[in-house]
Every structure is written in structure tokens, then in C-alpha cells.
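A short worksheet on the structure shown next.
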Amino acid sequence: MLDSRIRLKHAWLGGILAFLIPGAGHLYQGRYFKAAVYFCCILGLFLTGMALAEWQAVQAPPKKALASGKGGALLKYAAQSGVGLPVLFALVQRERLESPENARTTTLHSKMVTPFTGTISYLDESGNHTGKVTGTLSLAPISGQFGNQGITGEFTGKLDDQAITFALSDHVELGPPISARKERPLAAGLVREQNGRKEEIGHLYGMIPRAFWNWFEVPMDEEEDEDLHRRLGKFHELAMVFTWVAGLLNVLAIWDAVEGPAYGFGDETLPAGGKTPETA
């Protein structure tokens, strides 16, 4: 029996808000203490699990999870989904990952300056040079003589503690923008001007950082998932348990927002004499 002293307002709306953001339904109902407890405890537990797993604990299951024999992935996600919006975002990331537009590209919409780590190989008057490099890439879109779009730019960095600077050809290729990996592959040719003409003298291969929203909660392939397990060990399992428990706890919070506390009016502890305040 509902306690008439607790105003649930529109209980269905409170339940929806409680699902979307832990504590939001109770805040709407004016139950501020519970709102603060649910928000801090449930989201705190969820975010702790996410941090332990390098913010990759949540993975949206494949669209045909059961048919592909990956029912376990569906169950794991179902347990986490009680947290609401922070987990539902993984469904958006799955769609972005599988979009036809998420492919290797040789075009760029605007200029980009980004750190770079990788390898270099080039030939000059002193011979052939190869090795690992770190530095900065300045990339910019370019239009070719036939109207085709490309990417060009400049690399500045160090090879064997020697400062180097190279112009890039207009055939820079970037890996897909959306991936669970936090770095984006890049390949570029190196050019120099010789007798008024540009000639290619080498290549640059490596990685540039990927924007947070382009890897956060993006589904991992089997290789990426195994690599995460290998690096994190037992912390990966602990992270999963934290996110599961947070999702299941919020199910109870949603129930409380819709049905009220798990006691009915008149269940109060009786005072001395065995009479309730109403009958005293």
C-alpha cells in the first residue's frame, strides 16, 4: 500500500527520469536526500568501474548477439543498462562504428595540429634513414589540379635526438575516425622540392590521438578486447562487477520512484502502549 504522505507526483515520469539518470526521478518528486544518495552512490560505483577499465567497460552487444552465439555480451550489457543514459550512449557509438562513412579517408574538413608517434623512412644525400619519431603534424585540406580533395601538411619532430622537418605529400591517409582504439592510424609520403618540382623521398607511418567521443564506449573487436583483458587482468573483472552492480541497483531506485518505499502507510513502529499516533 502506498504511503499517502509521500508525493510521487507522476510516478511514471519519475520512473523514466530515475532510469535516465540515477536520482533524477527522486529529485523531480522532491525526495532530495534519496536523490543525492542514488546519484552519488550509483553513478559513483559506475564511474569507478569505468575508470578501472580505462573507460571501456561498456560495450554495446552486436545487433545479432544471440544468433552469433554472443548472448553473454547481451546479458552483460543488460545488467549495465540500468544506469540509463551513460550506457545507452554505447548504442549510438555502435551505429557510428558500423556506419559506411566510418572508413579510411584522404580528405579533411579543416586544419588540424596533432601530436604524432610512429616511424619514418627517407633518403637524402647522406643515405637512407629509418627509426622511431615523435613530433607534431600540421595537416590541412588541399584541392588537386583535377579538383580532387587531399590532405597535405608538415611534420616537425626528432629522429635520434636530431630535429627534423619534412613537408608531406598530398596523399596523406587517415584511418577510420571511429574506433575503440584511442589512437588513429596515419600514413603519409615525405617530399622535398628539387629543381622546382616536388619529389617523394620517404614515408611516415604512425598514430595520432583520437578524440574522446570517437573511442569512448565504441564496441571493441576480439583483438582489442583480448588486449584490454591482458593489460588490466583482475581489474577488468572488478570493473565489470562494479558496472553490473550499479545497473542492478538503479533498477531498485526506479522501482522506488514508481511505487514508493517498500512499506505501507501504518507500518510505523508502535510507541509504548501499542497505539499508533492516529489512534492514540
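The values are calculated or read from the model by the stated rules, or taken from the named source; none is laboratory data. Computed from a predicted model, the values in this text were never measured in an experiment. Methodologically, a virtual Cβ is constructed for each residue, glycine included, from the backbone with ideal geometry; neighbour enumeration extends over all protein chains shown.
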*(1) in the same structural domain as residue 80 (by TED's automatic domain parsing); (2) modelled with pLDDT under 95; (3) of a type outside the set (S, T, N, Q): which one isn't true of residue 193, the others all being true?*
(1)
*Go through segment 1-63 and tell me which helices (runs of 4 or more DSSP H), entirely inside it, have 3 or more residues that are among the aromatic types (Phe, Trp, Tyr) and within 29 Å of residue 239 (Cβ to Cβ).*
32-52
*Mind checking whether some residue in segment 220-232 is in a strand (DSSP E or B) and either of a type in the set (Asp, Glu) or surrounded by 18 or more Cβ atoms within 10 Å (Cβ to Cβ) (or both)?*
no
*Just one of (1) touching a residue at least 12 places away in the same chain (Cβ under 8 Å); (2) surrounded by 15 or more Cβ atoms within 10 Å (Cβ to Cβ) trips up residue 88, so point out which.*
(1)
*Which of the residues belonging to segment 64-96 are modelled with pLDDT of 95 or more and not in a helix (DSSP H, G or I)?*
84
_segment 246-263 - residue that is in a helix (DSSP H, G or I) and small (Gly, Ala, Ser) and, of those, farthest from residue 81 (Cα to Cα)_ = 257
*Among all residue pairs at least 6 apart or on different chains, which show Cβ distances below 6 Å where the first residue, located in segment 210-236, is in contact (Cβ under 8 Å) with a residue 24 or more places away in the chain and among the charged types (D, E, K, R) and the second is in a loop (DSSP other than H, G, I, E, B) and surrounded by 11 or more Cβ atoms within 10 Å (Cβ to Cβ)?*
210/182; 217/58; 224/180
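Condition check ((1) touching a helix residue (DSSP H, G or I) at 6+ places or on another chain (Cβ under 6 Å); (2) hydroxyl-bearing (Ser, Thr, Tyr); (3) modelled with pLDDT of 95 or more; (4) over 22 Å from residue 134 (Cβ atoms)) across all residues:
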| position | (1), (2), (3), (4) |
| --- | --- |
| 161 | no, no, no, no |
| 170 | no, no, no, yes |
| 176 | no, no, yes, yes |
| 179 | no, yes, yes, no |
| 185 | no, no, yes, no |
| 188 | no, no, yes, no |
| 218 | yes, no, yes, yes |
| 241 | no, no, yes, yes |
| 250 | yes, no, yes, yes |
*Mind listing whichever residues of segment 192-214 are within 20 Å of residue 125 (Cβ to Cβ) and buried (at least 20 other Cβ atoms within 10 Å of the Cβ)?*
204
*So residue 154, is it modelled with pLDDT of 95 or more, farther than 17 Å from residue 102 by Cα and acidic (Asp, Glu)*: yes
*Selection from segment 169-193 of residues that are under 15 Å from residue 107 (Cα atoms) and within 31 Å of the chain's Cα centre (by Cα)*: 171, 172, 173, 174, 175, 176, 177, 184, 185, 186, 187, 188
*Can you run down the residue pairs with Cβ atoms below 8 Å, 6 or more apart or on separate chains, where the first is in segment 16-29 and closer than 18 Å to residue 46 by Cα and the partner is basic (Lys, Arg)?*
23/34
*Any chance residue 201 is touching an Asp or Glu at 6+ places or on another chain (Cβ under 8 Å), more than 30 Å from residue 61 (Cβ to Cβ) and not assigned by TED's automatic domain parsing to the domain that holds residue 54*: yes
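Test residue 120 against the criterion of being assigned to a strand (DSSP E or B), at pLDDT 90 or above, outside the structural domain of residue 93 (by TED's automatic domain parsing) and within 30 Å of residue 94 (Cβ to Cβ), and give yes or no.
Numbers: assigned to a strand (DSSP E or B): yes; at pLDDT 90 or above: yes; outside the structural domain of residue 93 (by TED's automatic domain parsing): yes; within 30 Å of residue 94 (Cβ to Cβ): no.
Taking the combined requirement at face value, the residue does not satisfy it.
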_Among the residues in segment 67-85, are any buried (at least 21 other Cβ atoms within 10 Å of the Cβ) and aliphatic (A, V, I, L, M)?_
yes
_Restricting segment 98-120 to residues that are in contact (Cβ under 8 Å) with a residue 40 or more places away in the chain and either among the basic types (Lys, Arg) or crowded, with 19+ Cβ neighbours inside 10 Å (or both), the residue that is farthest from residue 45 (Cα to Cα)_ = 120
_Of everything in segment 123-153, what is of a type in the set (Asp, Glu) and either in a loop (DSSP other than H, G, I, E, B) or surrounded by 14 or more Cβ atoms within 10 Å (Cβ to Cβ) (or both)? Give them in sequence order._
125
